[in-house]
1. May I ask you to list the residues in the range 73-97 that are surrounded by 15 or more Cβ atoms within 10 Å (Cβ to Cβ) and more than 15 Å from residue 29 (Cα to Cα)?
2. Could you tell me how many of the residues in the range 77-102 are in contact with a strand residue (DSSP E or B) (Cβ under 9 Å, 6 or more places away or on another chain) and either under 13 Å from residue 58 (Cβ atoms) or not aliphatic (A, V, I, L, M) (or both)?
3. Residue 65 - would you say it is farther than 19 Å from residue 112 by Cα, among the polar types (S, T, N, Q) and without any contact (Cβ under 8 Å) to a residue 40 or more places away in the chain?
4. Taking the condition of being in contact with a Cys (Cβ under 9 Å, 6 or more places away or on another chain) and either part of a strand (DSSP E or B) or among the β-branched types (Val, Ile, Thr) (or both), how many residues in the range 84-112 meet it?
5. Name the residue, out of 112, 32, 105, that is surrounded by fewer than 19 Cβ atoms within 10 Å (Cβ to Cβ), more than 16 Å from residue 11 (Cα to Cα), among the small types (Gly, Ala, Ser) and in contact (Cβ under 8 Å) with a residue 12 or more places away in the chain.
6. Answer with yes or no whether residue 54 is part of a helix (DSSP H, G or I), crowded, with 22+ Cβ neighbours inside 10 Å and at pLDDT 95 or above.
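The values are calculated or read from the model by the stated rules, or taken from the named source; none is laboratory data. A quick note: this is a predicted structure, and the numbers were derived from the prediction, not measured. Backbone-built Cβ (ideal geometry, glycine too); neighbour counts: all protein chains shown.
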Amino acid sequence: MILSEATEAGLSVREQHFGDIVVLSPSGRLDSNTCERFERTILDFIEPDIRALVVDLRDLVYISSAGLCVLLSGAQKSKAMDKELVLCNLTAHVREVFDFSGFSSIFPIYRSVEEALEGCPRID
């Protein structure tokens, strides 16, 4: 497992590597001020040797429509490259935003990182 972290005003992102799966853990606010950097982070990991991205939202305190769009864009780009982007650990507030916007039906959502890692399809 490789671990690193990057910080920008309002948002920090920790990354962990579990073989061909990357777990991104944003902490803070995902809004119009921080979403551009987080989108670049997601896109950096949609590459041939990565099978899936797990976005762990446990420490996300706020997500705006701009943040939702970043996740949707990442999911679309992942799918176009036969990768998967899944979410886990949604807090009650973040889950409410996903439910209200209809995004809960777009993404695979797991209760924990461990469940997400087990749920990512294998590529043989």
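1. Passing the criteria: 73, 74, 75, 77, 78, 83, 84, 85, 86, 87, 88, 89.
2. 14
3. Yes.
4. At the first step, the residues of the range 84-112 found to be in contact with a Cys (Cβ under 9 Å, 6 or more places away or on another chain) are 84, 86, 108-112.
Right, trim to either part of a strand (DSSP E or B) or among the β-branched types (Val, Ile, Thr) (or both) and you get 84, 86, 109-110.
Matching residues across the range 84-112 total 4.
5. Criteria check complete, one pass: 112.
6. no
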